[in-house]
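Remarks on the structure that follows.
The values are calculated or read from the model by the stated rules, or taken from the named source; none is laboratory data. From a predicted model like this one, the values you see are computed outputs, not experimental measurements. Note: ideal-geometry Cβ built from the backbone for every residue, glycine included; neighbour counts use all protein chains shown. Heads up: the accessible areas ignore ligands, DNA and RNA and are worked out on the full protein's heavy atoms, side chains in. Shrake-Rupley method; radii C 1.70, N 1.55, O 1.52, S 1.80 Å.
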Amino acid sequence: MTTTLRTRVAIVGAGPAGLLLSHLLDRAGIDSVVIDQRSRDEIESTIRAGILEQGTVELLDTIGEASRARTVGHRHDGIELRVEGEGHRIDFAETVGRAVWLYPQHEVLKDLIAARLAAGQDLRFGVTAEGIEDADTDRPRVIARDADGARLEIEADFVVGSDGSRSVARATVTGSSTGGYFREYPFAWFGILCEAPPSSDELIYSNSPEGFALVSQRSDTVQRMYFQCDPDTDTAAFSEAQLWDELQKRVPGTTLKQGPIFQRDVLRFRSFVAHELRRGRVALVGDAAHTVPPTGAKGMNLAIADVRLLAAALGALLLDGDERLLDAYPETASRRIWKAQHFSWWMTSLLHVAPDATDFDRRRQLGELRTVVESAYGRAYLAEAYCGWPFDA
Ligand code: DHB
């Protein structure tokens, strides 16, 4: 038994990219169906990064009251780079007149899912895409299975792969699931969530001889913190006391507020850009198209920037029969993707101590940090990228 659905845009993946795309298409009067293999609960509870660029918040404003980024989230007008215990503030307002919002990704997802369901959107959880067929025709199809194993086919005018780093859609577009530019890093982040108020008003990115640590936040009562670790670290390898020691020794100059640690995870560092972002009537957005290491929190913001371009391109194609924006999509999206790739790599290399770093490497890195923090231009360079390049620049 196969059920066949017909829609204008089939969207594989209900992450921030897929959900926002369906919202923007809906505003333009274009129907879509969104599927995701995960359950709603899993999507809404997976902990990811927490920083939204200003442009991301402005796009989320278009979902109306449902977006709580400004009301529940907090605006941050700067961050601190801590260099061997010495603090240097990067003032976003003064350097670039922009800001970021601290608002966790899973909260963005809750807002988008609520808005989509309220709009009567066809949004299906527990549905696994198995492949995409007829990409080179104007009637591409997604072949999927629901939670009971029943086969579902979605026929569309266009298919979008917003299905994350293990994308099924990527193989259709690039010819292989791994086809892309790739880089791995010799370190990872050990992340914790703990019950304690923020240790600092603003985020602290700390480069210390012991390695990197990031002091972030989630709310008035929950802190998110990370420290540099070996990629093969087992999350159970540390006692709570050891975790606090590891964190504290990397943040000289601040006494961290401690509390029960209720979640631990290890985040691997990878840079990836798919060789192709579009084939015929199938396009990739977000993590399906690219991955960045977490330093600087560009991942979700970059996905949202892809979606903004693709929504406009699909509007032109499906409403006016004009393919020019779609033809330009890979090139236009790639410009920002590679800027964000560079920034994420640069913030990573600026702040982490590589396991094989020589004394020369370490001193050179401190020289680079001073070049940034002691110069109004250096601070502005960092602030501009961190807050997100304006969309129309
Ligand atoms: C967070 C994650 C990041 O990668 C970052 O650069 C800043 C904040 C976070 O999870 O809070």
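Every listed requirement among (1) in contact with a helix residue (DSSP H, G or I) (Cβ under 6 Å, 6 or more places away or on another chain); (2) aromatic (Phe, Trp, Tyr); (3) outside any helix (DSSP H, G or I) is met by residue 389 save one, (1).
For region 67-78, indicate whether the set of residues that are of a type in the set (A, V, I, L, M), in the same structural domain as residue 294 (by TED's automatic domain parsing) and touching a helix residue (DSSP H, G or I) at 6+ places or on another chain (Cβ under 8 Å) is non-empty. So far as region 67-78 goes, yes, one or more of its residues are of a type in the set (A, V, I, L, M), in the same structural domain as residue 294 (by TED's automatic domain parsing) and touching a helix residue (DSSP H, G or I) at 6+ places or on another chain (Cβ under 8 Å). One residue alone among 308, 379, 324, 335 is at pLDDT 95 or above and either of a type in the set (A, V, I, L, M) or farther than 30 Å from residue 279 by Cα (or both), and that residue is 379. Among residues of region 52-81 that are more than 21 Å from residue 384 (Cβ to Cβ), those with a Cβ under 6 angstrom from a residue that is among the aliphatic types (A, V, I, L, M) and open to solvent by 30 Å² or more (accessible area, probe 1.4 Å), sequence gap 6+ or separate chain, pair up as 66/114. Based on this model, can you work out whether residue 166 counts as among the charged types (D, E, K, R), more than 13 Å from the ligand (Cβ to nearest atom), assigned by TED's automatic domain parsing to the domain that holds residue 122 and assigned to a helix (DSSP H, G or I)? Spelling it out, it is not the case that residue 166 is among the charged types (D, E, K, R), more than 13 Å from the ligand (Cβ to nearest atom), assigned by TED's automatic domain parsing to the domain that holds residue 122 and assigned to a helix (DSSP H, G or I). Only one of the numbered conditions (1) closer than 18 Å to residue 183 by Cβ; (2) more than 16 Å from the ligand (Cβ to nearest atom); (3) free of Cβ contacts under 8 Å to residues at least 60 places away in the same chain is violated by residue 313, and that is (1). Taken over region 185-236, the criterion of being in contact with a Phe, Trp or Tyr (Cβ under 9 Å, 6 or more places away or on another chain), outside any strand (DSSP E or B) and more than 11 Å from the ligand (Cβ to nearest atom) is satisfied by 210, 230, 231, 233, 235. In the set (1) touching a His at 6+ places or on another chain (Cβ under 6 Å); (2) surrounded by fewer than 17 Cβ atoms within 10 Å (Cβ to Cβ), the condition left unmet by residue 136 is number (1). Of the listed requirements (1) under 20 Å from residue 59 (Cα atoms); (2) in contact with a strand residue (DSSP E or B) (Cβ under 9 Å, 6 or more places away or on another chain); (3) not hydroxyl-bearing (Ser, Thr, Tyr), residue 384 misses just one: (2).
On the stretch given as region 164-180, residues that are open to solvent by 40 Å² or more (accessible area, probe 1.4 Å), hydroxyl-bearing (Ser, Thr, Tyr) and over 18 Å from the mean Cα position of the chain (by Cα) total 3. Of all residues in region 338-361, those satisfying the criterion of being over 23 Å from residue 273 (Cα atoms) and free of Cβ contacts under 8 Å to residues at least 40 places away in the same chain are 357, 358, 359, 360, 361.
Could you tell me whether any residue of region 329-344 is assigned to a loop (DSSP other than H, G, I, E, B), open to solvent by less than 10 Å² (accessible area, probe 1.4 Å) and within 16 Å of the ligand (Cβ to nearest atom)? Looking through region 329-344, none of the residues is assigned to a loop (DSSP other than H, G, I, E, B), open to solvent by less than 10 Å² (accessible area, probe 1.4 Å) and within 16 Å of the ligand (Cβ to nearest atom).
Take residue 302 and tell me if it is under 21 Å from residue 164 (Cα atoms), within 16 Å of the ligand (Cβ to nearest atom) and not in a loop (DSSP other than H, G, I, E, B).
So residue 302 fits the description; yes.
Determine whether residue 357 is open to solvent by less than 50 Å² (accessible area, probe 1.4 Å), away from the ligand (no atom under 16 Å from the Cβ), in a helix (DSSP H, G or I) and over 19 Å from residue 267 (Cα atoms). Against the criterion (open to solvent by less than 50 Å² (accessible area, probe 1.4 Å), away from the ligand (no atom under 16 Å from the Cβ), in a helix (DSSP H, G or I) and over 19 Å from residue 267 (Cα atoms)), residue 357 does not qualify.
What is the residue count in region 29-63 for residues that are open to solvent by less than 50 Å² (accessible area, probe 1.4 Å) and part of a loop (DSSP other than H, G, I, E, B)? Quick ask: steps written out before the conclusion?
We begin by selecting, within region 29-63, every residue open to solvent by less than 50 Å² (accessible area, probe 1.4 Å); these are 30, 32-36, 43-44, 47, 49-57, 59-60, 62-63.
Within this subset, residues satisfying the condition of being part of a loop (DSSP other than H, G, I, E, B) are 30, 47, 49-50.
Within region 29-63, residues that are open to solvent by less than 50 Å² (accessible area, probe 1.4 Å) and part of a loop (DSSP other than H, G, I, E, B) number 4.
Looking only at region 269-317, residues that are more than 19 Å from the chain's Cα centre (by Cα) and open to solvent by 20 Å² or more (accessible area, probe 1.4 Å) come to 7 in all.
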